[in-house]
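K.L.:
Right, I'll just put the structure down here and ask away after.
The values are calculated or read from the model by the stated rules, or taken from the named source; none is laboratory data. Here the structure is a predicted model, which means the values were calculated and not measured. Glycine also receives a Cβ, built like all others from the backbone with ideal geometry; neighbour counts cover every protein chain displayed.
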Amino acid sequence: MKVFRNKVAAITGAGSGMGRCLAIQLAQEGCHVAISDCNEAGLAETAAQVARHAPGVTVTTHIVDVADRAAVHAWADDVAAAHGRVNLIFNNAGVALSSTVDGMQYDDLDWIIGINFWGVVHGTKAFLPHLKASGEGHIVNTSSVFGLFAQPGMGAYNASKYAVRGFTESLRQELDLMDCGVSATTVHPGGIKTNIARASRVSPSVNGLLVRDAQQGREEFEKFFITTPEKAAGIILDGVRANKRRVLVGPDAYAADAMARLLPAAYQSLVVRETRRKRKALMPDGTPAAASEGERA
C-alpha cells in the first residue's frame, strides 16, 4: 500500500503514544481513522488532535478492551459500517509486566497475554475479512525488541511478544500464498517514549534480584526510551509503504536484532553478566531490597 489517502485505518491503543501518532500522521495523509482504547480521556484527546491536524478526515472512536474477543469483533463490524470499508488495522495496544517466572501470578500472566497476544489475534481475525473485502489491506502487528531477544524478569512480556512475531510471520506467508490483496508486517520497537513503564505491573519478585523496588525498576526501564513516538510512527508507516515483513524501530532494536543473530545462545550469558554488574552498582552492600505485596503495582 503506497498511498494512504482515502483509505480507512483502525488503530488500537490510540489513546496515547505510538497509537496517537499513527492516527495523526495517517490523517495528515488523508486517511480516515477509527481509533480505540480503554482510556476514554486519552482517546478523546487523540480525536481532538486528529481533528486539528486534519479537519477533512472522518474520525470514529470506540472504547474497546482488546482482550475482549466479542468487543473487538463488534468494533470491526462497526468500523466497516461507519466508514464503508477498512483497509488497515494497527494492532498496537500493549502492556508490560516485570516479574520472575517463579514469582509470577497467573492473573498477571492472563492479563498480559490477553492484551499483548490475544488482542493482536482478535484484531487480526476481526478485521481480516473486511480488509480482504476492500481489495487492498494491511495488518500491522506490534511485537517488541523483546520479541527478538529475551531478558530476565520479562518472561511473560517476552512470551507475548515472541508469540506476536510467530503469529504474524506465519500470517504474512499465508497472505502471500492467498494473493488476496492483503499483507502483514511485524513491528519490533525498541524503547519508545510512551507511558508503558508507568502503566506496567511490577512484581515484588524482581526486588533485590534485578532492581531495588518497583519505582526504581520503572525509572530504569524508562532510561531505555530513546525514540519518540512521532518518529516511531513515521518508521512504521514507511514500512507499510514498502510492504516490509519486519520493521525495526530505533537503534536499540537494530542492536538487539544483531546480537540475537550473531550470538543466538551466548547473548544470554552476556545479559546475565551485565545484569549482575548493574545490580551490584544499585545494591553495593549486596543486601536485597525488601519485597512486600504492598509494593506490587
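K.L.:
Looking only at segment 64-85, count how many residues are surrounded by 14 or more Cβ atoms within 10 Å (Cβ to Cβ) and either among the basic types (Lys, Arg) or over 21 Å from Gly137 (Cα atoms) (or both).
P.N.:
As a first pass, look at segment 64-85 and keep what is surrounded by 14 or more Cβ atoms within 10 Å (Cβ to Cβ): 64-69, 71-80, 82-83, 85.
Okay, now just the ones that are also either among the basic types (Lys, Arg) or over 21 Å from Gly137 (Cα atoms) (or both), so 64-65, 67-69, 71, 85.
Residues that pass the stated criteria total 7.
K.L.:
Consider Leu97 carefully, then state whether it is within 24 Å of Ala232 (Cα to Cα), of a type outside the set (Gly, Ala, Ser), surrounded by 19 or more Cβ atoms within 10 Å (Cβ to Cβ) and modelled with pLDDT of 95 or more. Lay out the reasoning, then the answer.
P.N.:
Numbers: within 24 Å of Ala232 (Cα to Cα): yes; of a type outside the set (Gly, Ala, Ser): yes; surrounded by 19 or more Cβ atoms within 10 Å (Cβ to Cβ): yes; modelled with pLDDT of 95 or more: no.
Taking the combined requirement at face value, the residue does not satisfy it.
K.L.:
Would you pick out the residues in segment 148-168 that are surrounded by 17 or more Cβ atoms within 10 Å (Cβ to Cβ), in a helix (DSSP H, G or I) and out of contact with any strand residue (DSSP E or B) (no Cβ under 6 Å at 6 or more places or on another chain)?
P.N.:
Gly155, Asn158, Ala159, Ser160, Lys161, Tyr162, Ala163, Phe167 - these are the residues of segment 148-168 that are surrounded by 17 or more Cβ atoms within 10 Å (Cβ to Cβ), in a helix (DSSP H, G or I) and out of contact with any strand residue (DSSP E or B) (no Cβ under 6 Å at 6 or more places or on another chain).
K.L.:
Just wondering, is there one or more residues in segment 103-111 that are small (Gly, Ala, Ser), in a helix (DSSP H, G or I) and either within 27 Å of Ala256 (Cα to Cα) or in contact (Cβ under 8 Å) with a residue 24 or more places away in the chain (or both)? Working first, answer last.
P.N.:
Kept after step one, since they are small (Gly, Ala, Ser), are these residues of segment 103-111: 103.
Subset that is in a helix (DSSP H, G or I): none.
No, because not a single residue in segment 103-111 is small (Gly, Ala, Ser), in a helix (DSSP H, G or I) and either within 27 Å of Ala256 (Cα to Cα) or in contact (Cβ under 8 Å) with a residue 24 or more places away in the chain (or both).
K.L.:
Can we say Gly13 is closer than 25 Å to Ala96 by Cα and among the small types (Gly, Ala, Ser)? Break it down stepwise before answering.
P.N.:
Details: closer than 25 Å to Ala96 by Cα: yes; among the small types (Gly, Ala, Ser): yes.
Yes; evaluated as a whole, the condition is true for this residue.
K.L.:
Further question: Taking only segment 18-43 into account, find how many residues are touching a strand residue (DSSP E or B) at 6+ places or on another chain (Cβ under 7 Å) and in a helix (DSSP H, G or I).
P.N.:
Summing the residues that are touching a strand residue (DSSP E or B) at 6+ places or on another chain (Cβ under 7 Å) and in a helix (DSSP H, G or I) in segment 18-43 gives 8.
K.L.:
Run Met259 past the list (1) touching a helix residue (DSSP H, G or I) at 6+ places or on another chain (Cβ under 6 Å); (2) at pLDDT below 85 and report the number of the one that doesn't hold.
P.N.:
It fails just one condition, (2).
K.L.:
It is to be established whether one or more residues within segment 1-12 are modelled with pLDDT of 95 or more and farther than 21 Å from His130 by Cβ.
P.N.:
Looking through segment 1-12, none of the residues is modelled with pLDDT of 95 or more and farther than 21 Å from His130 by Cβ.
K.L.:
From Val271, Val240, Val211, Val247, which residue is β-branched (Val, Ile, Thr) and modelled with pLDDT under 70?
P.N.:
Details: Val271 fails: modelled with pLDDT under 70; Val240 fails: modelled with pLDDT under 70; Val247 fails: modelled with pLDDT under 70.
Exactly one residue qualifies, and that residue is Val211.
K.L.:
Suppose we filter Lys231, Lys223 for residues that are modelled with pLDDT of 70 or more, surrounded by fewer than 18 Cβ atoms within 10 Å (Cβ to Cβ) and of a type in the set (Lys, Arg); which single one remains? Give the steps one after another, and end with the answer.
P.N.:
On the way: Lys223 fails: modelled with pLDDT of 70 or more.
Residue meeting the stated conditions: Lys231.
K.L.:
Scanning segment 35-63 for residues that are among the aliphatic types (A, V, I, L, M) and closer than 22 Å to Gly114 by Cβ, which turns out surrounded by the fewest Cβ atoms within 10 Å (Cβ to Cβ)? Full working, then the answer.
P.N.:
Applying the first criterion (among the aliphatic types (A, V, I, L, M)) to segment 35-63 yields 35, 41, 43-44, 47-48, 50-51, 54, 57, 59, 63.
Checking which are closer than 22 Å to Gly114 by Cβ leaves us with 35, 43, 63.
On the way: Ile35: 29, Leu43: 24, Ile63: 13.
Among residues in segment 35-63 that are among the aliphatic types (A, V, I, L, M) and closer than 22 Å to Gly114 by Cβ, the one surrounded by the fewest Cβ atoms within 10 Å (Cβ to Cβ) is Ile63.
K.L.:
Considering only residues that are farther than 28 Å from Arg5 by Cβ and β-branched (Val, Ile, Thr), look in segment 100-132 and name the one that is surrounded by the fewest Cβ atoms within 10 Å (Cβ to Cβ).
P.N.:
Val101
K.L.:
Within segment 169-192, is even one residue within 30 Å of Leu209 (Cα to Cα) and assigned to a loop (DSSP other than H, G, I, E, B)?
P.N.:
Taking every residue of segment 169-192 in turn, at least one turns out to be within 30 Å of Leu209 (Cα to Cα) and assigned to a loop (DSSP other than H, G, I, E, B).
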